[in-house]
Structure formats: C-alpha cells, structure tokens
Amino acid sequence: MKSYGIIILGIETSCDDTSAAIIKDDTILSCVISGQDVHKNYGGVVPELSSRAHQQNIVPVVDQAIKDASISIEEIDAIAFTRGPGLMGSLLVGCSFAKGFALSRNIPLIEVDHLQAHVLAHFIKEKNVYTKTPNFPFLTLLVSGGNSQIIVVENFLQMKIIGKTIDDAAGEAYDKCAKIMGLTYPGGPLIDQYANKGNPFKFKFAKPKVAKFDYSFSGLKTSFLYFVRDRLKENAQFIENNLFDLCASLQYTINDILISKLIKAAKETNIRQLALSGGVSANSGLRTQLTEKSQKLGYETFFTKPKYATDNAAMVAITGYFKYKEGLFGELGAVPYAS
C-alpha cells in the first residue's frame, strides 16, 4: 500500500561517486554512496574509468537505497537525476538509468541541476533531528572542485549568481596545491586535516584583485608553486619540515579570499543570512573562519551536514521534491550537459 507523502528516488552520477537516495517529502529515508578509489592512482578523476564504474555501481546502489528506506519500488512517485553539469560519460549513466526507471514504472522524470542541488541540501531533514534552515532570501557561497560562486537564493527554485570564478575554482586550487606538496588525491581533505596542526600565519601567499564579487585562484596556485620550488632549492626537506604550516597558511589564504567576497556581497545586498554549499564547504577551516567573521559583523550562518555537502543523491532528491510540487517534470528526450 502506498504510504502518505511524496516519495522521490534521487540519482547522482556527475563525477566519481555513484549515489542513490530516497526522500519522503523533505525528510531523508536513505542515502547510499559508492566511491571510486581507482582515481587516487592518477592524481585526479579519469572520466572513462568513472563512467565504467558508474555502470557497475548504479543498480546495486539504487537497490540498497530502496532497502534502507524500507519502502517498495511501487511507492516511488518520481525519479530525480543530475542532468548536469559534470562529466558527460558519468552523467549519461545516471540519465539513462533514470529514463529507463521512469518509463518502466510510468512515473515522472525530474531533471536536476547539480549546483542548484548543492544549495538546496540545506533543506534536507532527518527523522527526529532539528534542522536549522535559512529564510529567503539568503546568500550562499557555493564552493566545489569545479565551481566557486556567490548566489542570491530567492526561493527554492529561483537563484541568481552574482559572483563566480573567472578561472580556477577553490576546490581545484586545493587539489593542485596538495599535489605540489606530494599529497594524494583528493588533497583538499588532507590539507584540512594537516592545517589543524599548523600555524595559518606562518607563510603569506598572493591574493588576487578581481572586480566585484568574482574569484580567481590561478594566481594563487602559481604563487604557491614558485614559493615551494624556491624553498626546496634552499632545503630539500622544506615540505616535510613545514607541511602543517604550509597547509594551514594555504587554507587560511583560500578561505579568506572566499569569505571576503561573500561578506562584501552581504553588505551590498543587505542580506544577513549566509550559507555555505558544495563539497569544499565541508572544510572545517572555512566553517570556522566564516563563523568567526559573521559573529563579529552580526550575520547568521548556515551549514549543511558534511555528509550532504559533498556529491550525494540526497540533495538531488530534495530538489526533485520541490520541483515535483510545482509540476516541473522533464522529458525522456532530455540529454545531459557537461557545463
């Protein structure tokens, strides 16, 4: 028998994580993620390997999500999937599965933008757990491996980008600088871990001067590369002897760049609720620096739980739920978009 409430199956395959989630109205019932360790051997995600792994993982991941949610397949009202942006081969796997599932069950298909889903992850609720959510409008800083954006969120489905990176994203800067230091991929979490043991003011790195609310991290990467190269000429053990301080100083600089533009946007828009979204928002240093800065200025901050900050299907499912209520359904002819 169909239970009361709207039940959405969410599918996320934009990069290297295969994920499926079940949400009932705005409350998560299950979220399963299958990662791909093979990419560590190459220092980054290999698109062909990623798409092949998605093909192997998609069916068992969806099956597990349905079991964990304790529902039957007949109770699912719609299937939401990430249409883009992301890796084309990876997106095709999720898109094709979603189309086949929707067709076989004769249920609506809902297209989801990956970045919009990251923002709406703030509204995922868990059973018997209080979730602090922002009021509209609010500002969100969306930071991930491929994006650094400041967004005015007017309601669940209306968002306006007022600032973005003009070259590299913050997440990419973390991973590239980690590689310079010889750290394994993904380097961002390792830098965060080591930074907690270092002095964030030990070393100074160049901060870009970019107009309005936009970002640039290519110059910081170059500055960091030359700094480390020159120090290694003087001392071959420089990285090993200063790893914690290097990570702490780099993290502080990147986060300061991100937060400064967000605060500038808050002052000009007169919006006093600030949120973090995207995979890099799980960075503990970023959360701490934004909290401290906001408290001094009287802003209220909002953070998604770390497990919903990185790529996951729960954020896709919650976006699908809001679109389902508005009758915003997709078509079987929908094709993925990479950017």
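The values are calculated or read from the model by the stated rules, or taken from the named source; none is laboratory data. Owing to the predicted nature of the structure, the values given are computational and were not obtained by experimental measurement. As a convention, Cβ positions derive from the backbone with ideal geometry for all residues, glycine included, and neighbour counts pool all protein chains shown. Calculation scope for accessible area: heavy atoms of the full protein, side chains included, ligands and nucleic acids excluded. Shrake-Rupley method; radii C 1.70, N 1.55, O 1.52, S 1.80 Å.
Quick notes on this structure:
- The listed residue being closer than 30 Å to residue 302 by Cα and without any contact (Cβ under 8 Å) to a residue 12 or more places away in the chain, out of 112, 119, 129: 129
- Answer from 207, 197, 202 - the residue that is of a type in the set (Lys, Arg), at pLDDT 95 or above, open to solvent by 50 Å² or more (accessible area, probe 1.4 Å) and farther than 17 Å from residue 288 by Cα: 202
- Residue that is nearest to residue 145 (Cα to Cα) [pool: residues in the range 88-125 that are assigned to a helix (DSSP H, G or I) and open to solvent by 50 Å² or more (accessible area, probe 1.4 Å)]: 88
- Conditions (1) under 30 Å from residue 300 (Cα atoms); (2) surrounded by fewer than 23 Cβ atoms within 10 Å (Cβ to Cβ): number failed by residue 153: (2)
- Note on the range 298-317: residues that are open to solvent by 30 Å² or more (accessible area, probe 1.4 Å), under 20 Å from residue 125 (Cα atoms) and not in a helix (DSSP H, G or I) amount to 5.
- Residue count for the range 183-194, restricted to those that are open to solvent by less than 60 Å² (accessible area, probe 1.4 Å) and assigned to a helix (DSSP H, G or I): 6.
- The residues of the range 23-52 that are of a type in the set (Asp, Glu) and either within 14 Å of residue 312 (Cβ to Cβ) or modelled with pLDDT under 90 (or both), listed by number, are 37, 48.
- Filter result (more than 18 Å from residue 337 (Cβ to Cβ) and in contact with a strand residue (DSSP E or B) (Cβ under 6 Å, 6 or more places away or on another chain)) within the range 100-118: 101, 102, 107, 108
- Number of the exception - residue 155 against (1) part of a loop (DSSP other than H, G, I, E, B); (2) more than 17 Å from residue 253 (Cβ to Cβ); (3) in contact with a Cys (Cβ under 9 Å, 6 or more places away or on another chain): (3)
- Residues located in the range 88-99, provided they are more than 13 Å from residue 330 (Cα to Cα) and in contact with a strand residue (DSSP E or B) (Cβ under 9 Å, 6 or more places away or on another chain): 90, 91, 93, 94, 97
- For first residues located in the range 9-35 and without any contact (Cβ under 8 Å) to a residue 12 or more places away in the chain, partners that are open to solvent by less than 10 Å² (accessible area, probe 1.4 Å) and lie 6+ apart or on another chain with Cβ distances below 7 Å do not occur.
- Residue within the range 239-261 that is exposed (fewer than 14 other Cβ atoms within 10 Å of the Cβ), farther than 28 Å from residue 311 by Cα and modelled with pLDDT of 95 or more present: yes
- Considering the range 172-221, and only residues there that are of a type in the set (Gly, Ala, Ser) and within 21 Å of the chain's Cα centre (by Cα), the residue that is farthest from residue 146 (Cα to Cα) turns out to be 195.
- Subset tally (residues that are aliphatic (A, V, I, L, M), surrounded by fewer than 16 Cβ atoms within 10 Å (Cβ to Cβ) and under 22 Å from residue 329 (Cβ atoms)) for the range 54-87: 1
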